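Enquirer: Structure incoming, see below.
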Amino acid sequence: MTDRDSRHKASMEKLKAHVDEKVANATEQRGLLLINTGNGKGKTTAAWGTVTRALGYGYRVGVVQFIKGLWECGERNRLEDDSNLEVAIMATGFTWDTQNREEDTRACAEVWQSAAKMLADPDVYLVVLDEITYMLKFGYLDIDTVKKALENRPHEQTVVITGRNAHRELIDMADTVTEMQEVRHAFNNGIQARRGIDY
Ligand code: ATP
Ligand code: MG
């Protein structure tokens, strides 16, 4: 064995001991609260990835899209025939164009009813609240209402929240928080959002 090989072996042994200890320490089993936030691309993509993962094991999944269908959505097209998936979309109201406060608040309250139902159903293994952070930011939805529903959700249920500027109190509650950091985004260089890639 060369010097380099034995150094590598020693360092891998150390790493293995470290990982083994972490695995041994992770004993709790329950659903999680995950937040995908930040300005970089990938928050919603990652949420749909998790949806696919859960559906792949035959779990029931609920997705609530809080911003009116943001164009189309390839993942929704692909997965909507799965009887284990329920998708609720904010019917009218919020788009970047309209921003009619009264109308948006009403539409938000309506789709929140679907979210609340999913968050109370122990048969729903995963709930995605896509772009809900904006509803809180604009005051269409009350933080205490959301917190309470999250706190009282079934023990085994996981929730993924996506959107920029996640509310401090949500961040504090969450088990896993990922901040997507923008290094560059094509859009800012005049490149159009691309079908099948961006939506
Ligand atoms: P994605 O849906 O691609 O995972 P996202 O959920 O992280 O993106 P959103 O803010 O919800 O980000 O973005 C909505 C749309 O804007 C998507 O088409 C996305 O590709 C695009 N987008 C994401 N990040 C940026 C950015 N930093 N600048 C411009 N457009 C962006
Ligand atoms: Mg998104």
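Enquirer: Starting from the Cα of Gln29, move 7 Å in the Cα-to-Cβ direction to define the label point; list residues of the stretch 154-174 whose amide nitrogen is under 20 Å from there.
Expert: Inside the label zone: 154-159.
Enquirer: Okay, moving on. Rounded to whole Å and sorted largest first, list the principal axis extents of the Cα atoms in the stretch 32-182.
Expert: So the three principal-axis extents are 40, 33, 33 Å.
Enquirer: Taking a label point 7 Å from the Cα of Glu156 along the Cα→Cβ vector, which residues of the stretch 24-55 have an amide N closer than 15 Å to it?
Expert: Only 29-32, 54-55 pass the distance filter.
Enquirer: Below 8 Å, C-alpha to C-alpha, sequence gap of six or more: please give me the relative contact order for the chain in percent. All intermediate terms of the calculation are to be shown ahead of the outcome.
Expert: Values: 307 pairs, mean separation 64.4, N = 199.
Contact order relative to length: 32 percent.
Enquirer: Provide Met12, Met180 ordered by accessible surface of protein heavy atoms (probe 1.4 Å), highest first.
Expert: Working: Met12 90, Met180 40 Å².
Ranked list, largest accessible area first: Met12, Met180.
Enquirer: Sort the stretch 1-49 into rounded, prolate or oblate with this rule: let a ≥ b ≥ c be the square roots of the eigenvalues of the Cα gyration tensor; rounded if a/c is under 1.5, and if a/c is not under 1.5, prolate when a/b is larger than b/c, oblate otherwise.
Expert: Details: a/c = 4.63, a/b = 1.82, b/c = 2.55.
Cα axes put the stretch 1-49 in the oblate bin.
Enquirer: Oh, and also: Could you work out what % of the accessible surface of the chain is carbon and sulfur, using a 1.4 angstrom probe and leaving DNA, RNA and ligands out of the count?
Expert: Numbers: 6110 of 12650 Å².
The C+S portion of the solvent-accessible surface of the chain is 48 percent.
Enquirer: Once the whole set of protein chains is in place, how much accessible area is left on Ser11, using a 1.4 Å probe, in Å² to the nearest 10?
Expert: 60 Å²
Enquirer: Another one. Compute the length gained on full extension between Glu179 and Glu110: take 0.36 nm times their separation in residues and subtract their Cα-Cα distance, giving the result in nm to one decimal. Don't skip to the answer; put the middle values down first.
Expert: Values: separation 69, 0.36 × 69 = 24.84 nm, distance 2.88 nm.
22.0 nm is the gain from fully extending Glu179 to Glu110.
Enquirer: Taking the solvent-accessible surface of protein heavy atoms with a 1.4 Å probe, what is the per residue accessible area of the stretch 32-182 in Å²? All intermediate terms of the calculation are to be shown ahead of the outcome.
Expert: Values: 7800 Å² over 151 residues.
The answer is 52 Å² per residue.
Enquirer: Here's a follow-up. Using a simple charge model, +1 on the beta-carbon of Lys and Arg, -1 on the beta-carbon of Asp and Glu, nothing else, what dipole does the stretch 32-182 show about its Cα centre, in debye to the nearest 20?
Expert: Values: 16 positive and 24 negative charges, 37 e Å.
For this selection, approximately 180 debye.
Enquirer: Now for a separate question. Which listed residue (Thr178, Gly49, Tyr59) has the Cα farthest towards the positive end of the charge dipole for the stretch 32-182, taking +1 on Lys and Arg C-beta and -1 on Asp and Glu C-beta about the Cα centre?
Expert: Thr178
Enquirer: Exactly which trypsin sites (Lys or Arg not before Pro) in the stretch 1-60 are in a DSSP loop and have at most 15 other Cβ atoms within 10 Å? Provide the component values of the computation, followed by the final result.
Expert: Numbers: sites: Arg4, Arg7, Lys9, Lys14, Lys16, Lys22, Arg30, Lys41, Lys43, Arg53, Arg60; in loops: Arg30, Lys41.
The qualifying sites are Arg30.
Enquirer: Which longest run of the chain has no exposed loop site in it, a site being GluC sites (Glu not before Pro) in a DSSP loop with at most 15 other beta carbons within 10 Å, and the site itself not part of the run?
Expert: On the way: sites that count: Glu28, Glu72, Glu80, Glu156, Glu182.
Value returned for the longest uninterrupted segment is 81-155.
Enquirer: Just give me a number: lysine pairs in the chain, eight or more positions apart or cross-chain, with C-alpha atoms less than 18 Å apart.
Expert: Numbers: Lys14/Lys22; Lys43/Lys68; Lys43/Lys137; Lys68/Lys137; Lys117/Lys147; Lys117/Lys148; Lys137/Lys147; Lys137/Lys148.
Lysine pairs, 8 or more places apart or on different chains, close enough: 8.
Enquirer: Provide the net charge surrounding Arg7, with neighbours chosen by a C-beta distance below 12 Å and charges set as Lys +1, Arg +1, Asp -1, Glu -1. Write out the running numbers ahead of the final one.
Expert: Details: positive: Arg4, Lys9, Lys14; negative: Asp3, Asp5, Glu13.
Combined, the nearby Lys, Arg, Asp and Glu give 0.
The values are calculated or read from the model by the stated rules, or taken from the named source; none is laboratory data. All values derive from a computational prediction rather than experimental measurement. Counting neighbours? That spans all protein chains shown, and the Cβs are built from the backbone with ideal geometry, glycine included. With ligands, DNA and RNA removed, areas are computed over all heavy atoms of the protein, side chains included. Shrake-Rupley method; radii C 1.70, N 1.55, O 1.52, S 1.80 Å.
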